[in-house]
Amino acid sequence: MLTKLSAVVVAGDARVEIGWADGRVAVIDLKPLIEARAALAPLRDAKEFARVAISADGWALEWPCGIEFGAPQLRRWADAQGTELVPQSLVERLRTLPSPPSIETRDEECLPERAGS
């Protein structure tokens, strides 16, 4: 099921970390695409690339220079690159779990019993 974009952060040289409304988070490396396509040349400028934003309707990433990538295509690239991160909702849920109890044992308690002892 496709969902809208919920967050975007520049994550390095021509890379974006994207969050979707369904909780998925992935880093997508756009550098190979940008380098291969003359029409994407404005995004080779780091300052222009850093101006990325989510479109008003939430279905695309867009830049002031007029370039945009739709949420479905971004999801396909994320799947192809295999860069899914742990969803923030899961991280928050894990933080609420109690810590496991500490186990205190002496070394001899961990050793198997010897025959004839």
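The values are calculated or read from the model by the stated rules, or taken from the named source; none is laboratory data. Everything numeric in this text was worked out from a predicted model, so none of it was measured. FYI the Cβ positions are ideal-geometry reconstructions off the backbone, even for glycines, and counts take in every protein chain you see.
Listed residues 56, 39; which is assigned to a helix (DSSP H, G or I), at pLDDT 95 or above and exposed (fewer than 10 other Cβ atoms within 10 Å of the Cβ)?
Checking each option against the conditions leaves just 39.
Contact map, segment 38-60: residues that are basic (Lys, Arg) paired with residues that are surrounded by 12 or more Cβ atoms within 10 Å (Cβ to Cβ) and assigned to a helix (DSSP H, G or I), Cβ distance under 8 Å, separation 6+ or inter-chain. Pairs shown: 44/34; 44/35. Against the numbered list (1) assigned to a helix (DSSP H, G or I); (2) touching a Lys or Arg at 6+ places or on another chain (Cβ under 6 Å), residue 64 comes up short only at (1). Evaluating residue 68 against the criteria (1) at pLDDT below 95; (2) touching a Leu at 6+ places or on another chain (Cβ under 7 Å); (3) surrounded by fewer than 16 Cβ atoms within 10 Å (Cβ to Cβ) leaves one unmet condition, (1). If only residues of segment 5-25 that are in contact with a helix residue (DSSP H, G or I) (Cβ under 7 Å, 6 or more places away or on another chain) and assigned to a loop (DSSP other than H, G, I, E, B) are counted, the one that is surrounded by the most Cβ atoms within 10 Å (Cβ to Cβ) is 14.
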